[in-house]
């Protein structure tokens, strides 16, 4: 298993993590068996958005006696009414549901208290200008929440939350399809095939800016909707008309700036195994560009996707890393101190490029790498 630091929280989490969807409608024994399977394979991170009391109780039983081996991301603002999960902004219901969460999980705290599902700007102000954020901060002061997070599908609203300085973790939807679309307050747009009916080119700027902002501020991203609800794994349902493997989709998400982990709602241990396979996968197996190139309506032409096809560099420059750090400075309009230090730590720098052009012949997206190395050298000074 690969472990990454969850941004400025300092917590080490498994890159492959569990969403709770896979445990719904299972018995306590089945849930425990799944957690045994996950723990044996190094998974130590779970997201629990659902307010289903049976689900929470089963997870609590599965983690009893080994709570300290798991990082729990539990959601605020979800409630269980009339046998269904609902989002709420009611302060009383929020507190009651969170107190129940701790009891059902048999713990006195969650590591990340995730404010649930904030996609609209009006809702953002409801959360951050009124009682919900105050409740989250009070729970943090009491030690019941160690770090505050927020989940969203809208990069503009997510950026607003990051800029408050109050959240340490962002649960955000990332995959190659969603990254093409402009911001929208209606999450259903991401799932609508009509959203992909026209030509789309390159990652939407608002999404790139969000990822760069999180990287700069030390706000970790853990990723939901990695497989687009399963559509990306199915040739008929994929907007691209061809299917990704689980390993390819996971690698795409994990190579975005600031991403620490992917939250996967694995329903079976076979699905868990397919996801964990990313850890030992070869570069060829991880290669998501095999799906993303030569598409009629979708293009990333001229845009570095950090896929690594340009390697090996004659001068041993990590071209993908240089491009990532340079792009972060462009998105931020400055050179953040953290990015400057990451660039400095590279063994070889952009100024060492000898303009041989070998990398450009291997790039599937037609990036003018020689020019990008020159720009990076000018930007960083070496």
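Looking only at the stretch 331-364, count how many residues are touching a residue at least 60 places away in the same chain (Cβ under 8 Å) and under 23 Å from the mean Cα position of the chain (by Cα).
Going through the stretch 331-364 one residue at a time, the tally reaches 5.
This table checks each residue for (1) at pLDDT below 95; (2) within 20 Å of residue 260 (Cβ to Cβ); (3) crowded, with 21+ Cβ neighbours inside 10 Å.
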| position | (1), (2), (3) |
| --- | --- |
| 5 | no, yes, no |
| 16 | no, yes, yes |
| 23 | yes, no, yes |
| 53 | yes, no, no |
| 67 | yes, no, no |
| 88 | yes, no, no |
| 106 | no, no, no |
| 116 | yes, yes, yes |
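Residue 201 versus (1) touching a strand residue (DSSP E or B) at 6+ places or on another chain (Cβ under 9 Å); (2) surrounded by fewer than 18 Cβ atoms within 10 Å (Cβ to Cβ); (3) closer than 22 Å to residue 20 by Cα: which is the lone unmet condition?
(3)
Only residues that are buried (at least 17 other Cβ atoms within 10 Å of the Cβ) and modelled with pLDDT under 80: list them for the stretch 293-308, please.
Answer for the stretch 293-308, where residues must be buried (at least 17 other Cβ atoms within 10 Å of the Cβ) and modelled with pLDDT under 80: 293, 298, 299, 300, 305.
Assess whether residue 221 counts as being touching a helix residue (DSSP H, G or I) at 6+ places or on another chain (Cβ under 6 Å) and in a strand (DSSP E or B).
Spelling it out, residue 221 is indeed touching a helix residue (DSSP H, G or I) at 6+ places or on another chain (Cβ under 6 Å) and in a strand (DSSP E or B).
Might you check whether a residue that is under 13 Å from the mean Cα position of the chain (by Cα) and under 29 Å from residue 281 (Cα atoms) occurs anywhere in the stretch 184-195?
no
Which one of these is out of contact with any helix residue (DSSP H, G or I) (no Cβ under 8 Å at 6 or more places or on another chain), in contact (Cβ under 8 Å) with a residue 24 or more places away in the chain, surrounded by fewer than 24 Cβ atoms within 10 Å (Cβ to Cβ) and farther than 28 Å from residue 100 by Cα: 179, 186, 192?
Within the list 179, 186, 192, the selection yields 186.
Is one or more of the residues making up the stretch 266-279 under 24 Å from residue 152 (Cβ atoms) and part of a helix (DSSP H, G or I)?
Within the stretch 266-279 (the criterion being under 24 Å from residue 152 (Cβ atoms) and part of a helix (DSSP H, G or I)), the answer is yes, since at least one residue qualifies.
Any idea how many residues of the stretch 338-361 are part of a helix (DSSP H, G or I) and surrounded by 12 or more Cβ atoms within 10 Å (Cβ to Cβ)?
Number of matching residues: 11.
The values are calculated or read from the model by the stated rules, or taken from the named source; none is laboratory data. Quick caveat: nothing in here was measured; it's all calculated off a predicted structure. Please note: Cβ atoms are built from the backbone with ideal geometry, for glycine as well, and neighbour counts cover all protein chains shown.
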